[in-house]
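So the structure is just underneath, and the comments pick up after that.
Every number in this text was worked out from the coordinates using simple rules, so none of it is lab data. This one's a predicted model, so the numbers in the text were calculated from it and none came from an experiment. Every residue, glycine as well, gets a Cβ built from its backbone with ideal geometry; the counts of neighbours run over all protein chains shown.
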Amino acid sequence: MILGLGLDMVEVSRIQRAMDRFGRRFLERLFSPAEIDYCSKRVLRAECLAGTFAAKEAFLKALGTGLRGGISFLEVEVVREMGAPPTIRVSGRAKEAMERKGGREAVLSISHDGGFALAAVVIQ
């Protein structure tokens, strides 16, 4: 059963500008070390990070909380494993909120086109 649906779109240049302006501090406030490492190995680093950020936002929208309740972007992690689609791993308050909602998993899709990253999350 679908318990929540979230969509988010991020302009890649917005992420690039934030990286240029704030550097590592920006990255560490929003992304886990594994997410930073994965995207840092990509030719299109800002595009990868924009997709990851869109996925986090989409998850919070599917959850129905946004950042209310003290949920941190670091409690929502996009996990990428070789040969598998990206998944969402939650911890802390994000995990508690998902459990309260009755969610067992969050299904994720990320796409990029025309300078934008789009993510969709379904909580089941």
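Listed values, structure above:
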| read-out | value |
| --- | --- |
| Helix 45-63 axis, angle to the chain major axis (alpha carbon atoms, nearest 10°) | 20 |
| Pairwise Cα inverse-distance average, inverted: Kirkwood Rh of the chain (Å) | 14.4 |
| CD proxy at 222 nm, helix term only [per DSSP H run n ≥ 4: -39500 (n - 2.57); per residue of the chain; nearest 500] | -13500 deg cm²/dmol |
| Reachable lysines, given that their alpha-carbon falls under 22 Å from the alpha-carbon of residue 41 and they are not under 8 places away in the same chain | 56 |
| Under Karplus coefficients 6.51, -1.76 and 1.60, residue-wise ³J(HN,Hα) of the stretch 29-43 in Hz, glycine/proline x | 7, 10, 10, 6, x, 5, 5, 4, 4, 4, 5, 5, 8, 8, 4 |
| Cα-based reach from residue 61 at 21 Å (exclusive), listing lysines while leaving out same-chain residues under 8 positions away | 95, 101 |
| Positive-end residue of 44, 13, 118, charge dipole of the stretch 4-123 with Cβ unit charges | 13 |
